[in-house]
Amino acid sequence: MNTFFQLFVSGLATGSIYALAAIGFTLLWQASQTINFAQGEFIMLPAFFVLAGTQFLGLSFPVAMAIAVVLSLLLLGLGFKRIIIDPLLPHGVLPIVIATIALGILMKEGVKQFYTAEALPFPALFSDRTLNVLGAAISVQDIAVLLIALGAVALLQLFLNGTKIGRCMQATAQNPNVAEILGVPVRRMILYTFLINAGLAFLASVLISPIYLAKFSNGETLGLIAFIAAIVGGFNQIRGALAGGLLLGVIDNLSAAYVSASYRSAVPLILLIIIILVRPQGLLGKAEGRTV
Amino acid sequence: MTKRALASIAIAMALSAGLPNISWADTIKIANVIELSGAGATVGSNWRDALKLAFEEINAAGGILGEQVEVTDYDTQTDPTTSRAMVQKAIDDGAYVIMGPIYSGSVKVNMMVAQQNGVPQLTGAEAPFITDMGNPYIFRTSFGAQQSMPKLVKYLTEEMKVKSVAVAWVNDDFGKGGRDSFVAELEKNGIAVNADVSSEVGQADFAADVIKLKSSNADAIFAYLHEEESARLLKEIRKQGVTQPIFGETTLMNQKVVDLAGEAVNGVRGHVGLSANAPIPGIEEFAKKFEAKYSYKPDHNAIKAYMGAYVVKYVTTKNGKADRQAFADALHGLTITPADEPGILMETSWDDKGEVNRESFLVEVKDGKQTVVSTLPKL
Amino acid sequence: MSKRTLATLVAGLAILILLPFTQSNYGVFVLCSWLVYSISAMGLNLTLGYAGQVSLAQASFMGIGAYTTALMTMAGVPWPAAMIAAMVLCFVIGLLLGYPALRVQHHFLAFITLAFNALVVLVLRNEEWLTGGTYGIVGIPRPELFGLQTQKPLAFYFFVLALFVLMAVALYAIIRSPWGRAFKALRENPIRANSLGVDIRKTTLLAFAIGSSYGGLAGSLLAQLTQFIDPHSFGLTISLKVLLMVIVGGAGFFFGPILGALLIVLAPEFLRFTEGYYLMIYAVLVIVLMIFCPTGLLGLVERARTALKLRQNPNATTWEAGR
């Protein structure tokens, strides 16, 4: 039982990281039918902005973080939308898939070429002191990451449901044409979504990197898992992505311990296939009203 | 339809006519066939940078036999099939010696091409099978695992009195190769393997792995993973308060792991074939030069490449000509000492299979520093 | 087929026959990889370009084909039997995977095939007793034809070329058959096609299965070309690479995947001088291509031609000016 609890708690902590990455996927999908295959790299990059600030420019950590937020919003939010997504949107999903895969390669190789191929330690935002909770070892950092992920989702839901801009964004996601007729500035709403995604990517990056270490290739594994989490949870629901992320984190640990370590990564894949066949809208998703 | 067909053919012709066909020039051509992208990019970059450093030094000092050395990088993309094509290309381009690659899976495939064409190859790979295939052109730059694992197991049985071990390894050809040699050596010595835990490259959460290691009640834990995964595993081991001693081979005690995992590495012990922290003047000086030029710390792969470059220089100079067959013949059974060639860093011998023999180290990480406990003599 | 088309094709074939004699061993190897990947991309083009289904599992079918051929020929089964078995197996697995998967269609099919590809790689790595595990299989024999060995690069090139031509002709016949026309009708307007009596699900399923068996053949040729296979050679990145070939060349154009494969296979050769920057430049080129020409290079050619015709005959509608 102790073992199970330990696996469960550790899985939740890792899963909350997956969830942060997965939320971005669902946001972009809702707002603009963008499947972002570079999402993993979006989370890899901001940590390097911070490191570049502290190591090369000699900035203090908080200043470097502030600059990294701005850079992330500009490049991963505004730039990504203006330069890549806007021109591609009229051509459907496939060119976007290809272009974002290429973008992922570009970001990965860019970091490797201009920064380093080595993994770098990243300063922890929270103490990694270990607490003993009901026989399971869990660090302060794990708890903080979990709380921040939950907090981010709660805030987002509040924002989307409780503010005018939020409701306009939802309207845009549900039916851009009607929203436009009703006077919603659709283009600006879509931009907000991209900015939120960039902000979440930054948040995920600084939370993950102390645990995961900053490395150019981090996005490869992370992107795929986040992607699976988003689909399993529900591609069109923020809380679906949260549930999907947490579920994958826990399932990964449980299957490694109780099924087979060498097939641990097969379990999420099989889950993905079953979910798509049985409940394509995802565990918590609503059936899509819009034909794609 | 017609025009489209024509256009495709025209483009095909234009493009393939452009396939480069470089002929011999009066430089010595070294082909660096190495992992520059994909999973092996980190180790490959270390190797490439050190190789570049060595040949720049050699060229600045007048080259080899008065000729300048020209190093060309061929990226294997950490893919065996690509590596095979790259070796073929290097040979078509007129390579005198092929350096690399490091991944054993790639070497297994491409060493046959080098053999068929009689081109010597200095590899960074450590899997045992490489020198067992009767290939007279393959040479290692570091120990094969069948040499390092016995040294480690001997230490475990004789000094640590270990009766059972739990093994954690990464499930790719690096991890599998190390795990297989280690387990085979354990069985030979009658030591039980209480747990055999595989993990994935890029795995984030090691909670399940550590639970298995912990509950195995083995006398010791042996971990054979890449640097980042090693760091994550060690952190989780400390988090769950595991008390068994932890051992490793080369990678686990790497400076990189120390940088990444901090205090969690303290107390880890193991065997190291080559180490940038070895108390050897040549290696210390190399590490200093490397860090000054590239502003990061070299790992053992960098040392392999640096030594390899000087092997090429020493043997060619000794032969008095840049001849591939003469090179391969001369290196079999050769011993090079730092007195002969300072760039070799440590006295090293090659046997008739291309296997390397040199001193190695037992180390322990203390206060975030790899410290040498004892130096193991040549076999 | 007009006389001019025929003449062009004959000329093209002549070039393909003469070209390898001007190349080094490495050059011939590159040409072989191009033809092999072309076969795989042609198959995916049938699924994607004609039947309109995004599959990210083409590399897994190449893997299944490669392992089938390798294991069978190394166990002493004659190579034609092994290669046919590889194609049939991929066809059957294509049917089995496609049957449930095509219920969901579009991006969901892409997700399912993506997961399938990753699963196949895991099985190839973990079932060591059968597949040799992470180390792969070395020493796959090349076929012997009428007593002729194809061990030499040039001989093997002609073996690959012959199969390439055969598969291209077969594909052309499929697309030209009434059944192949149904594919096209399906892609342009599924609802109308359905009302005209096209069984959407059956037609798409067959397209997917045939596309998969093309992948299987490409895989078995790849195994013989490199004489080595390991699970990593058939990972998701390879599926994406084949997808890229189809898109870059032009999905839905007969010569699209062949042109796309040529560019993707040769890209590292032309960008090698840029050293460490080559993957970055490659990525930028792909992004630029997607932005300015999402229908691929042949799409670009077609657009230019339509524009030209429109200028010559301003009264024609775009539809008339097209094919």
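Of the numbered conditions (1) open to solvent by 10 Å² or more (accessible area, probe 1.4 Å); (2) assigned to a helix (DSSP H, G or I), B:Ala231 fails exactly one; give the number of that condition.
(1)
Specify the residue that is nearest to the other protein chains (Cβ to nearest Cβ); the eligible residues are those in region B:75-93 that are open to solvent by less than 10 Å² (accessible area, probe 1.4 Å) and over 15 Å from C:Gly27 (Cβ atoms).
If we take residues in region B:75-93 being open to solvent by less than 10 Å² (accessible area, probe 1.4 Å) and over 15 Å from C:Gly27 (Cβ atoms), then B:Pro80 is nearest to the other protein chains (Cβ to nearest Cβ).
Kindly establish whether C:Tyr37 is within 14 Å of chain B (Cβ to nearest Cβ) and among the aromatic types (Phe, Trp, Tyr).
So C:Tyr37 passes the test.
Restricting attention to region C:229-259, report how many residues are of a type in the set (Gly, Ala, Ser) and more than 17 Å from C:Gly65 (Cβ to Cβ).
5
Would you say B:Met346 is buried (at least 17 other Cβ atoms within 10 Å of the Cβ) and farther than 25 Å from A:Thr116 by Cβ?
Spelling it out, B:Met346 is indeed buried (at least 17 other Cβ atoms within 10 Å of the Cβ) and farther than 25 Å from A:Thr116 by Cβ.
What's the number of the condition B:Val197 fails, among (1) within 14 Å of another protein chain (Cβ to nearest Cβ); (2) open to solvent by 10 Å² or more (accessible area, probe 1.4 Å); (3) more than 19 Å from the chain's Cα centre (by Cα); (4) not hydroxyl-bearing (Ser, Thr, Tyr)?
Exception for B:Val197: condition (2).
Only one residue in A:Leu254, A:Leu248 is open to solvent by 10 Å² or more (accessible area, probe 1.4 Å) and part of a helix (DSSP H, G or I), so which one is that?
Testing whether each residue is open to solvent by 10 Å² or more (accessible area, probe 1.4 Å) and part of a helix (DSSP H, G or I) leaves just A:Leu254.
How many of the residues in region C:276-312 are away from chain A (no Cβ under 14 Å), of a type in the set (A, V, I, L, M) and more than 23 Å from the chain's Cα centre (by Cα)?
Number of matching residues: 4.
Applying the selection to region C:233-275, what residues are within 11 Å of chain B (Cβ to nearest Cβ), of a type in the set (A, V, I, L, M, F, W, C) and free of Cβ contacts under 8 Å to residues at least 60 places away in the same chain?
C:Phe255, C:Leu259, C:Leu263, C:Ala267, C:Phe270, C:Leu271, C:Phe273
Assess whether C:Met62 counts as being modelled with pLDDT of 95 or more, open to solvent by 20 Å² or more (accessible area, probe 1.4 Å) and under 19 Å from C:Leu222 (Cβ atoms).
No.
Take B:Glu67 and tell me if it is touching a residue at least 60 places away in the same chain (Cβ under 8 Å), in the same structural domain as B:Gly38 (by TED's automatic domain parsing) and under 14 Å from B:Gly308 (Cβ atoms).
no
In region B:97-109, what count of residues is obtained for those that are more than 9 Å from every other protein chain (Cβ to nearest Cβ) and either open to solvent by 10 Å² or more (accessible area, probe 1.4 Å) or more than 14 Å from B:Gly40 (Cβ to Cβ) (or both)?
Matching residues across region B:97-109 total 5.
Go through the residues of region A:184-193 one by one and say whether even a single one is among the charged types (D, E, K, R) and free of Cβ contacts under 8 Å to residues at least 12 places away in the same chain.
Scanning region A:184-193 turns up at least one residue that is among the charged types (D, E, K, R) and free of Cβ contacts under 8 Å to residues at least 12 places away in the same chain.
Somewhere in region B:212-222, is a residue within 20 Å of the chain's Cα centre (by Cα) and in contact (Cβ under 8 Å) with a residue 40 or more places away in the chain?
For region B:212-222, residues within 20 Å of the chain's Cα centre (by Cα) and in contact (Cβ under 8 Å) with a residue 40 or more places away in the chain: present.
Which of the residues belonging to region B:349-379 are in a strand (DSSP E or B) and either of a type in the set (A, V, I, L, M) or under 15 Å from B:Leu152 (Cβ atoms) (or both)?
If the condition is that a residue be in a strand (DSSP E or B) and either of a type in the set (A, V, I, L, M) or under 15 Å from B:Leu152 (Cβ atoms) (or both), then B:Val356, B:Ser360, B:Phe361, B:Leu362, B:Val363, B:Glu364, B:Val365, B:Val372, B:Val373, B:Ser374, B:Thr375, B:Leu376 are the ones that fit.
Conditions first: (1) crowded, with 20+ Cβ neighbours inside 10 Å; (2) closer than 26 Å to B:Val113 by Cα; (3) more than 14 Å from chain B (Cβ to nearest Cβ). C:Tyr26 passes all but one, so which condition is the exception?
Against the list (1) crowded, with 20+ Cβ neighbours inside 10 Å; (2) closer than 26 Å to B:Val113 by Cα; (3) more than 14 Å from chain B (Cβ to nearest Cβ), C:Tyr26 comes up short only on (3).
Scan region B:64-120 for residues that are under 24 Å from C:Tyr278 (Cβ atoms) and among the polar types (S, T, N, Q) and jot them down.
B:Thr72, B:Thr76, B:Gln77, B:Thr78, B:Thr81, B:Thr82, B:Ser83, B:Gln88, B:Ser106, B:Asn110 - these are the residues of region B:64-120 that are under 24 Å from C:Tyr278 (Cβ atoms) and among the polar types (S, T, N, Q).
Test of understanding: among B:Ile98, B:Ile58, B:Ile130, which residue is modelled with pLDDT of 95 or more and within 23 Å of B:Gly177 (Cβ to Cβ)?
B:Ile98
Given the conditions (1) more than 14 Å from chain A (Cβ to nearest Cβ); (2) within 18 Å of the chain's Cα centre (by Cα), report the number of the one that B:Glu284 does not fulfil.
(2)
Residues C:Gly52, C:Gly133: which one is within 12 Å of chain B (Cβ to nearest Cβ), modelled with pLDDT under 95, buried (at least 19 other Cβ atoms within 10 Å of the Cβ) and at positive phi?
None of the others qualify; the one that does is C:Gly133.
Restricting to region C:182-198, name every residue that is more than 25 Å from the chain's Cα centre (by Cα) and of a type outside the set (A, V, I, L, M).
C:Arg192, C:Asn194, C:Ser195, C:Gly197
I want to confirm something. Restricting to region B:200-222 and keeping residues that are farther than 23 Å from A:Leu12 by Cβ and not hydrophobic (A, V, I, L, M, F, W, C), which single residue is farthest from the other protein chains (Cβ to nearest Cβ)?
Top of the filtered list is B:Asp219.
Read through the list (1) in a helix (DSSP H, G or I); (2) within 11 Å of chain B (Cβ to nearest Cβ); (3) surrounded by 19 or more Cβ atoms within 10 Å (Cβ to Cβ), then give the number of the only condition that A:Phe216 fails.
Here A:Phe216 clears every test but (1).
Only residues in region C:290-309 that are closer than 20 Å to C:Asn45 by Cβ count as the first member; pair them with residues that are of a type in the set (Lys, Arg), Cβ under 9 angstrom, at least 6 apart or cross-chain, and list the lot.
Filtered contacts from region C:290-309: C:Cys293/C:Arg303; C:Thr295/C:Arg303; C:Leu298/B:Arg4; C:Val301/B:Lys3; C:Val301/B:Arg4; C:Glu302/B:Arg4; C:Glu302/C:Arg323.
Looking at region A:136-153, is at least one residue assigned to a loop (DSSP other than H, G, I, E, B) and either away from chain C (no Cβ under 14 Å) or under 20 Å from A:Ala38 (Cα atoms) (or both)?
No, there is no match, as no residue in region A:136-153 is assigned to a loop (DSSP other than H, G, I, E, B) and either away from chain C (no Cβ under 14 Å) or under 20 Å from A:Ala38 (Cα atoms) (or both).
Kindly evaluate B:Gly44 against the criterion of being part of a helix (DSSP H, G or I), open to solvent by less than 10 Å² (accessible area, probe 1.4 Å) and assigned by TED's automatic domain parsing to the domain that holds B:Thr348.
yes
The values are calculated or read from the model by the stated rules, or taken from the named source; none is laboratory data. Predicted model only: the values in this text are computed from it and were never measured. Every residue, glycine among them, receives a Cβ derived from its backbone with ideal geometry; neighbour counts consider all protein chains shown. The area values use the complete protein model at the heavy-atom level, side chains included, leaving out ligands, DNA and RNA. Shrake-Rupley method; radii C 1.70, N 1.55, O 1.52, S 1.80 Å.
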